[in-house]
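For reference, the structure discussed in these notes is given below.
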Amino acid sequence: MESTGVASPVIKVAAICGSIRKASSNRGLIRSAIEICEESVKGMQIELIDVSPLPMINTDLEVNGRFPPAVEAFRQKVLAADSILFASPEYNYSITPPLKNAIDWASRPPNVWADKAAAIVSSAGGSGGRRAQHHLRQIGVFVDLHFINKPEFSINGHELPTKFDSEGNLVDPETKERLKKVLQALQAFTLRLQGR
């Protein structure tokens, strides 16, 4: 069979972590997702987008229809992405303040989340972040994000045997395999939404 010379499309994924802690296990999930894509999920590139520089949302900071520079840079990265990978712990049965702040800034008109595929992974105590995931899905309805439904991915990051090292890196092979399945589902769903 002859090669047509047409390269497969590369899906650009903006990864957003709801924790700004350096040793966060959720940040570790994103680092692991980046490694998995480089090794075995071809046609997908993940970039971690840091939300810590974003000021707390305040529409007084919007001047003459312009956003603060950190906000504009964040919005442009979300806009350029084909899909979104969220990784967040659970705070008080909900998503974290840094994640909510990022969602709110990117939803300001024009909403840059609209029509993008998304997936959620979480590491937290107790429920593993399932309540935060449920709340994020509710927010996604309003901002027009389209979440994959399966496979679901939430882990109790504090449960023994440990799945993370002291720096928040994912070290458990079984959990890495589960994460790979989420990435493959996000890739397939993104292509489907884009009609590719």
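The values are calculated or read from the model by the stated rules, or taken from the named source; none is laboratory data. Just so you know, these numbers come straight off a predicted model, no measurement behind them. Neighbour counts run over all protein chains shown; Cβ positions are idealised from the backbone, glycine included. Side chains are part of the model used for accessible areas, which takes the heavy atoms of the whole protein and leaves out ligands, DNA and RNA. Shrake-Rupley method; radii C 1.70, N 1.55, O 1.52, S 1.80 Å.
Quick notes
- Rounded if a/c under 1.5, otherwise prolate or oblate - the stretch 71-133, Cα gyration tensor axes: prolate
- The convex hull drawn around the Cα atoms of the chain, when projected onto a plane and averaged over every direction, covers 12.5 nm².
- Dipole of the chain, positive end: most advanced residue of PRO173, LEU136, CYS17 [Cβ charges, Cα centre]: LEU136
- Amide H partners (placed H, <5 Å) of TRP113, local residues excluded: none
- Surface exposure of the stretch 19-120, expressed per residue as accessible area with a 1.4 Å probe, stands at 48 Å².
- Sparse packing (at most 13 other Cβ atoms within 10 Å of the Cβ) combined with a DSSP loop state is found for the following trypsin sites (Lys or Arg not before Pro) in the stretch 1-87: ARG21, LYS22, LYS42.
- Its Cα centre serving as origin, the stretch 31-175 has a Cβ charge dipole (Lys and Arg +1, Asp and Glu -1) of approximately 440 debye.
- Within the assembled protein chains, the solvent-accessible surface assigned to ASP144 is about 50 Å², based on a 1.4 Å probe.
- For PHE147, the residues 5 or more places off, or on other chains, whose built amide H falls under 5 Å of its own are ALA118.
- Selected from LEU79, HIS146, ALA185, residue furthest toward positive end of dipole (the chain; charges at beta carbon): HIS146
- Relative contact order (%) - the chain, alpha-carbon pairs under 8 angstrom, separation at least six: 25 percent
- The stretch 1-100: chymotrypsin sites (Phe, Trp or Tyr not before Pro) in DSSP loop, at most 11 other beta carbons within 10 Å: TYR93
- Accessible surface of the chain, 1.4 Å probe, proportion on carbon and sulfur as whole %: 53 percent
- For the chain, no complete DSSP H run has alpha carbons reaching 27 Å or more along its own long axis together with a mean Kyte-Doolittle score of 1.6 or higher.
- For the options SER154, SER127, SER24, a Gaussian network treatment of the chain with springs between C-alpha atoms closer than 10 Å singles out SER127 as fluctuating the most.
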